[in-house]
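Student: I am attaching a structure below and will ask some questions about it afterwards.
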Amino acid sequence: MRLSAQILQSAEQRTNPLSERELVLRSIAIPSIEHLSVTRDQFDSIDFSNNHITSLDNFPRLNRLSSLYLSGNDVERVDARNLRRNLPGLKTLVLTGNRVAGWDVLGDLGVGCPGLEFLSLAGNPVTRRQHYRLYTIHKIPSLKVLDFIKIKQSERERAQRLASSAAGAAMEADARTEARASAATAAAASSNGEIVNTGESNTFEPGEGKSAEESFATQFTLEEKAKIREMVANADSPEEIDRIEGFVKRGIFPGSLTSADGGGNREKKRSANEGDDGENAAKKQRSE
């Protein structure tokens, strides 16, 4: 189930045991994070537990948000740039029982969450790797508690010694290799038409419509909106309405459908058809 604006507006809101204002989005089969700008930055905490989220990304600017709970998801990658830019106050991150496996993801968490104090990765594959705890402490120096265990000063010293050792250098090399492999996998999936995060936020904000309705609301002037409504009202067929919607969804004013002169109109309609064919081909590729 996609995380729609309607779901966000009707979701449970409560004060959690830590006296945080919390938005509850548990166990509703959410596949990805989106549309959180609808919350208007009114929450200290968001509970995404027990969904199907695979990537920690696509956040709008949420200055107030300090805690994220994502236990029981499928998170395996992190968009460090998105987190650093849009969640400056994040201090608590619970990723218990997810799919984090690579050293590179720990590095991304360190870059993306410079103020993080509480982190749980219990139940993730990465916790079974040698020196996991020390490597995490080194990569995220702001941490105070890792996997529900307070970090001791002696552990910080050991983590520093590990980072300066040959073993630490080998781990950093592994992290770079894993990061390149992850980027290559994302590029390959993208070329096959799959939707994969590549570091650019797809959060809906004004000027970045993700549907025809959103694009119509944000991408066009009042005069253009009136003309688009007139085009839809005067359309000769459902196919023509679909073509108009396709242009609107891409943020393009479908002026090529309004020419009054016969030859020019046919030529412009042909161009519109070609654009629509390209969109349909892309949709077919993604579905495959």
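The values are calculated or read from the model by the stated rules, or taken from the named source; none is laboratory data. Remember, predicted model here, so these are calculated numbers, not experimental data. FYI the Cβ positions are ideal-geometry reconstructions off the backbone, even for glycines, and counts take in every protein chain you see. We work out accessible area using only protein heavy atoms, side chains counted, and drop any ligands, DNA or RNA first. Shrake-Rupley method; radii C 1.70, N 1.55, O 1.52, S 1.80 Å.
Student: Assuming a ≥ b ≥ c are the square roots of the Cα gyration tensor eigenvalues, decide whether the stretch 52-199 counts as rounded (a/c under 1.5), prolate (otherwise, with a/b larger than b/c) or oblate.
Tutor: Oblate is the answer for the stretch 52-199, as a/c is 1.5 or above yet b/c matches or exceeds a/b.
Student: Taking the alpha carbon gyration tensor of the stretch 45-126, what are the square roots of 5 times its eigenvalues, largest first, to the nearest whole Å?
Tutor: Working through the eigenvalues yields semi-axes of 18, 14, 11 Å.
Student: In addition: Compactness ratio of the stretch 112-160: Cα Rg over 2.2 N^0.38 Å, N = residue count?
Tutor: Relative to the rule-of-thumb radius for its length, the stretch 112-160 sits at 1.05.
Student: Further question on the same structure: So with the 1.4 Å probe, I'd like the accessible area per residue for the stretch 59-159, rounded to whole Å².
Tutor: On a per-residue basis, the stretch 59-159 sits at 41 Å².
Student: Using 7 Å Cα-to-Cβ label points, what is the Ala169/Arg2 separation (nm, one decimal)?
Tutor: 5.0 nm
Student: Still on this structure, I have one more. Between Arg180 and Asp74, what length in nm is gained on full extension when 0.36 nm per residue of separation is reduced by their alpha carbon distance?
Tutor: Separation in residues times 0.36 nm, less the Cα-Cα distance, equals 36.1 nm.
Student: If you don't mind, another one. Give me the one-decimal nm value for the distance between modelled label points at Asp242 and Ala187, 7 Å along each residue's Cα-to-Cβ direction.
Tutor: 3.5 nm
Student: Computed FRET efficiency, Cβ-Cβ of Glu224 and Ser27, R0 41 Å: what is it to the nearest 0.05?
Tutor: Here the calculated transfer efficiency is 0.45.
Student: Additional query: Quantify, in whole percent, the carbon and sulfur part of the accessible surface of the stretch 1-147 (1.4 Å probe; protein heavy atoms only).
Tutor: The nonpolar share, carbon plus sulfur, comes to 49 percent.
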